[in-house]
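To start, the structure under review is shown below, and the notes come after it.
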Amino acid sequence: MTEKGIFIVEGTSEQRQKIEHMLSNMGENVVTADLEYLRRITDHCHQQTPFCKEVQGLIAAADQQTKVKVRRKAERPAELFRCLVGASSGMVAVKKAILMVANSDTNVMLLGESGTGKEVVARNIHYHSSRRGKPFVPINCGAIPAELLESELFGHEKGAFTGAISSRRGRFEMAQGGTLFLDEIGDMPASMQVKLLRVLQERVFERVGSEKSIRSDVRIIAATHRDLETQIDNNEFREDLYYRLCVFPIQIPPLRDRIEDLAVLVECVLDRLKSEQQGRIRLTDRAVKALSRYLWPGNVRELANLIERLSIMYPNQRVDILDLPEKYRSNVDVDPEESGAEHAGVDDPRVSATTLPPGGIDLKQHLAEIERSLIEQALAEAGGVVARAAEILKTRRTTLVEKIRKYKLDISPTRGDFDGELDANS
Ligand SMILES: Nc1ncnc2c1ncn2[C@@H]1O[C@H](COP(=O)(O)OP(=O)(O)OP(=O)(O)O)[C@@H](O)[C@H]1O
Ligand SMILES: [Mg+2]
């Protein structure tokens, strides 16, 4: 019995926690795979132990969550997936390649680091092809356990294996007339590579448990962040399959090599967030400069996640360099004094200085408060020496003295010649 099978029958509290944790942390792709896996194990479990029943309960709950996730995703307008922004030479080349290849049935291989936009490009190819009115069906070949992948791709007949309680279409059938996106193809197990090769060569497949051949009319787009040529050298990927899939390769450049696209990508993410009712942030030039020097190992996905996070933290505010998480500004020297003038983080009392509250504002009083606060800070920094504070504020000493009187600032005797100066000027 598998490791997970043992959990089900003899579950200790630690193992139970592990399964609960697994179920609550499964990503969208893993959900289907892991749930199917657990389902099949519980099907095998003849003793209906309390733990087994409990796991079945958890599976049902996770099923429900998946439905909600899928529904939410479906509610996002399809346009968002087609949005492919960037005017860098790298992206211009990618867009040209998309248009060149879209209207043929040629197999396309998308190569690029994680988060560079391989799925966005795949959807664009489908959208610009004559198959546009038919389904675009993605499958993450790396997230589905080897023993389930065959039935996931080709479907199965009722009773084909334990747990196959009804017949089911696979992704090839779902994509008939449209496009099948084989994501993370480099993670496909060797046993499946052979089967896929056969479909690509003969254009027919059979459901698991059936002998009836089905003609396949799908356009294949594959993607990987791996170096397939190295995998071929290591005997991890079939060379014949590679040449079948890689008829038209498109290399998607990492964000660090097209950093001039950063600003438009940020705008694109902000537009999306706006449509989801999220307050729009504005990045200062210095924040953009810091982000432009960062290397973005997670590429556009990392950028999109950062912008979403900043929009939650600083809704409708200006985001300056010091508001960025530390790792995004480590390539830029930040002068704390200089940055203080522009910084407008959520914990900073100056946040409100430039943000108009929904109910309006008493402008005179608001400006007076800002003035008073700045004078207090300058005096503190100058150790109470008015002449020095006036220099810091770039104002005349007499003007400052007047304002100190006006705001009735509390002048402590420890501040050197403060009292004396005031008296002298009064
Ligand atoms: N050129 C682009 N224009 C707009 N959004 C983009 C672009 N490229 C990527 N994105 C956004 O970045 C995120 C990651 O894109 P995508 O899922 O296509 O990357 P990926 O290369 O498939 O990543 P992985 O290898 O991790 O699967 C998505 O939110 C996508 O909308
Ligand atoms: Mg992807």
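The values are calculated or read from the model by the stated rules, or taken from the named source; none is laboratory data. Bear in mind that the values here come from a model prediction, so they are computed numbers and not experimental data. Cβ placement follows ideal geometry from the backbone for every residue including glycine, while neighbour counts extend to all protein chains displayed. Only protein heavy atoms, including side chains, enter the accessible area calculation; ligands, DNA and RNA are left aside. Shrake-Rupley method; radii C 1.70, N 1.55, O 1.52, S 1.80 Å.
With θ set to phi - 60°, apply the Karplus curve 6.51 cos²θ - 1.76 cosθ + 1.60 along the stretch 301-309 and write out the HN-Hα couplings as whole Hz, x wherever there is a Gly or Pro.
Using θ = phi - 60°, the values come out as 4, 5, 5, 4, 5, 5, 5, 5, 5 Hz.
Rolling a 1.4 Å sphere over the protein heavy atoms, what is the accessible area per residue of the stretch 258-335, to the nearest Å²?
Ligands and nucleic acids excluded, the figure is 50 Å² per residue.
With a Förster radius of 56 Å, plug the Cβ-Cβ distance of Cys83 and Glu391 into 1/(1 + (r/R0)^6) and report the FRET value to the nearest 0.05.
Here the calculated transfer efficiency is 0.65.
What does the extension gain come out to for Glu260 and Ala380, with contour length at 0.36 nm per residue minus their alpha carbon separation?
Working: separation 120, 0.36 × 120 = 43.20 nm, distance 4.26 nm.
Roughly 38.9 nm would be gained on extension.
Counting only protein heavy atoms and a 1.4 Å probe, tell me what percentage of the stretch 108-218's accessible area is made up of carbon and sulfur.
47
For a Förster distance of 30 Å, can you work out the FRET efficiency between the beta-carbons of Asn235 and Thr106, rounded to the nearest 0.05? Before the final figure, lay out the partial values.
Working: r = 27 Å, r/R0 = 0.90.
About 0.65, to the nearest 0.05.
Which percent of the accessible heavy-atom area of the stretch 258-305 goes to carbon and sulfur, probe 1.4 angstrom?
For the stretch 258-305, the apolar C and S fraction of the accessible surface comes to 53 percent.
Compute, for the stretch 258-335, the length of the dipole vector about the Cα centre, with Cβ point charges of +1 (Lys, Arg) and -1 (Asp, Glu) only. Units Debye, rounded to 20.
Value, rounded to 20: 100 debye.
Of Lys134/Lys158; Lys364/Lys403; Lys274/Lys327; Lys118/Lys327; Lys134/Lys195; Lys364/Lys406, which sit over 19 Å apart, Cα to Cα? Mind showing how you got there, number by number?
Values: Lys134/Lys158 27 Å; Lys364/Lys403 15 Å; Lys274/Lys327 26 Å; Lys118/Lys327 26 Å; Lys134/Lys195 24 Å; Lys364/Lys406 14 Å.
In this structure, Lys134/Lys158; Lys274/Lys327; Lys118/Lys327; Lys134/Lys195 exceed 19 Å between Cα atoms.
Find how many whole Å separate the alpha carbon centroid of the stretch 117-158 from the alpha carbon centroid of the stretch 267-336.
Rounded to whole Å, the Cα centres lie 32 Å apart.
Using amide H atoms built in the peptide plane, which far-off residues or other-chain residues are under 5 Å from Arg282 H to H?
So Arg282 has HN proximity to Gln317, Arg318, Val319.
Extension gain Arg215-Val247, at 0.36 nm per residue separation less the Cα-Cα distance, in nm?
My answer for the length gained is 9.4 nm.
Using a simple spin-label model with points 7 Å from Cα along the Cα→Cβ vector, what separation in nm is obtained for Ile361 and Asn331?
Calculated label separation equals 3.4 nm.
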